[in-house]
Amino acid sequence: MNNANNDRPGLLLVDDEDGFRTTIAKRLGKRGFAPIQASSGEECLDILGRKPVGVVVLDVKMPGISGIDTLKAIKQTYEKIQVILLTGNITVSDGIEGIKSGAFDYLTKPVELDHLVNKIKQAFEMIRLEEEQQKELEYRAKLEKKMIDTERLVSLGTMSTGIAHEINNPLAIINESAGFMKQVIIQPEMSRIPQKEALLLGIEKIEKSVKRARKITHQLLGHVKKQKSQISEVDLKALLGETLGLLEREVEEKNIQIKWKTDKKKKVLWSDPYQIRQILINLLSNAVHAVKNNGIITLSLLETDVDINLEIKDNGIGIPKKNLGKIFDPFFTTKPFDEGTGLGLFVVHKIISSLSGEVTVESTLGKGSSFMINLPKRLE
Ligand SMILES: Nc1ncnc2c1ncn2[C@@H]1O[C@H](COP(=O)(O)OP(=O)(O)OP(=O)(O)O)[C@@H](O)[C@H]1O
Ligand SMILES: [Mg+2]
């Protein structure tokens, strides 16, 4: 860093008259400032590109780029820098133009040192205030976003039961009716109806959308079931095996290898089996989706006196860094419309928190992901 104030942005004094500049610099030095010096607009802009500067004291009348043009260039690139102009007696109009172009203030030469020192102090103070304001604004924006997020999650939670129930019935009716229409259309006597293919395509779209909507309601209903949760003994190893059974078809199709890393002992939790199963199915199905043919999914189970750690690790596509903060958000998905709802991990996170556990993730793009779950053996 460039000046006596350690890493605080410094002061830059720009004047083409060497004698005047060095004298002022020396006197400012005695008043606690250690200005960097430049003898032209060009040099000034060059220094600003290399060093942190907060305040520029800038002579208006200089050969080469004029002070005003230098000021404009500074303001264009370094919005936060405050510029104090030094104008000749006869060129007050320059000062006014300078203010219009964003100068903090202007002083006429010959300058009185106290006056200049005060202005410099005010300019630094202005920077500090603006920074504070900026921080305050950023803080507020963050807070607002957090509140919106929380509100969204809370309302999603409370609304989900009602809506999911209400939607399940009409969904069943839509699905049945679509199926019925399909049956009718494929009858031989219907072979000549106009636009038959388009009609069938339309019905397929209805069926696909119903499937997606169903997936959403199932996730949400599963997630809220906790209100009626039943705490009982959960044999985690057995439950993992059972859940894998549900994914058997995909595991076989992709020839996925499942590796177990655990000892012979049962891994028993006293928790809500229904919800634990939902966690497992969501995580395992993600892993199955993520791996290519012949992929490997490793399941590790470790226990201590008080908790159980489960790691579900895959050697699949991995998660880009920029997505890592979003994967637990509701409806965040990178999968096609008819494949993913983006609710899987959201529900996993909610359930695990409600069971006083923790879930963390590590992932490397192209190498694979690992979801680690910690659950207490006994839910208090
Ligand atoms: N094991 C994994 N490997 C790579 N990416 C993953 C893995 N698990 C989750 N993801 C990423 O996180 C996103 C969100 O996952 P989540 O389970 O919430 O929804 P989804 O799988 O897209 O949809 P759904 O669970 O409804 O099928 C996925 O779309 C994917 O991009
Ligand atoms: Mg999923």
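The values are calculated or read from the model by the stated rules, or taken from the named source; none is laboratory data. The structure presented is a predicted model; accordingly, all values stated were derived computationally and were not measured. Using ideal geometry, Cβ is built from the backbone for each residue, glycine included, and neighbour counts are taken over all protein chains shown.
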Residue within the range 353-367 that is assigned by TED's automatic domain parsing to the domain that holds Thr298, at pLDDT 95 or above and basic (Lys, Arg) present: yes
Residue in the range 327-339 that is free of Cβ contacts under 8 Å to residues at least 40 places away in the same chain, near ligand 1 (Cβ under 7 Å from one of its atoms), among the hydroxyl-bearing types (Ser, Thr, Tyr) and assigned to a loop (DSSP other than H, G, I, E, B) present: yes
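Do we find that Leu345 is in contact (Cβ under 8 Å) with a residue 12 or more places away in the chain, surrounded by 17 or more Cβ atoms within 10 Å (Cβ to Cβ) and farther than 23 Å from Glu233 by Cβ in this structure?
Yes: the conditions hold for Leu345.
Can you tell me how many residues in the range 361-380 are in a strand (DSSP E or B) and over 24 Å from Asp235 (Cβ atoms)? If you could, list the steps in order and put the result at the bottom.
Residues of the range 361-380 that are in a strand (DSSP E or B), as a first pass: 361-364, 368-376, 378.
In the following step, the residues that additionally are over 24 Å from Asp235 (Cβ atoms) were identified as 361-364, 368-369.
So the answer is 6.
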Number of the exception - Pro273 against (1) within 16 Å of ligand 2 (Cβ to nearest atom); (2) closer than 20 Å to Glu242 by Cβ; (3) surrounded by fewer than 20 Cβ atoms within 10 Å (Cβ to Cβ): (1)
Subset of the range 276-309 [buried (at least 20 other Cβ atoms within 10 Å of the Cβ) and more than 14 Å from ligand 1 (Cβ to nearest atom)]: Ile276, Ile308
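Does Val348 fit the bill of being part of a helix (DSSP H, G or I), closer than 21 Å to Glu250 by Cβ and either away from ligand 2 (no atom under 14 Å from the Cβ) or modelled with pLDDT of 95 or more (or both)? Lay out the reasoning, then the answer.
Numbers: part of a helix (DSSP H, G or I): yes; closer than 21 Å to Glu250 by Cβ: yes; either away from ligand 2 (no atom under 14 Å from the Cβ) or modelled with pLDDT of 95 or more (or both): no.
For Val348, the condition - part of a helix (DSSP H, G or I), closer than 21 Å to Glu250 by Cβ and either away from ligand 2 (no atom under 14 Å from the Cβ) or modelled with pLDDT of 95 or more (or both) - is not met.
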Test: residue in the range 78-87 that is part of a loop (DSSP other than H, G, I, E, B), of a type in the set (Asp, Glu) and not assigned by TED's automatic domain parsing to the domain that holds Asp329: yes
Output for the range 63-98, where each listed residue is farther than 17 Å from Ser40 by Cα, in contact (Cβ under 8 Å) with a residue 12 or more places away in the chain and hydrophobic (A, V, I, L, M, F, W, C): Ile81, Val92
Residue within the range 351-369 that is over 19 Å from Leu280 (Cβ atoms), exposed (fewer than 14 other Cβ atoms within 10 Å of the Cβ) and within 16 Å of ligand 2 (Cβ to nearest atom) present: no
Cβ pairs under 6 Å, 6+ apart, first in the range 157-182 and within 23 Å of Ala198 (Cα to Cα), second modelled with pLDDT under 85 and polar (S, T, N, Q): none
Members of the range 312-326 found to be touching a residue at least 12 places away in the same chain (Cβ under 8 Å) and out of contact with any helix residue (DSSP H, G or I) (no Cβ under 7 Å at 6 or more places or on another chain), listed by number: Lys313, Asn315, Gly318, Ile319, Pro320, Lys321, Leu324
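Can you tell me how many residues within the range 317-335 are farther than 16 Å from Val288 by Cα and within 14 Å of ligand 2 (Cβ to nearest atom)?
Qualifying residue count for the region: 8.
Okay, residues lined up against (1) closer than 25 Å to Thr341 by Cβ; (2) touching a residue at least 60 places away in the same chain (Cβ under 8 Å); (3) assigned to a strand (DSSP E or B):
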{"residue": "Arg214", "(1), (2), (3)": "yes, no, no"}
{"residue": "Leu221", "(1), (2), (3)": "yes, yes, no"}
{"residue": "Gly245", "(1), (2), (3)": "yes, no, no"}
{"residue": "Glu252", "(1), (2), (3)": "yes, no, no"}
{"residue": "Ser285", "(1), (2), (3)": "yes, no, no"}
{"residue": "Leu310", "(1), (2), (3)": "yes, yes, yes"}
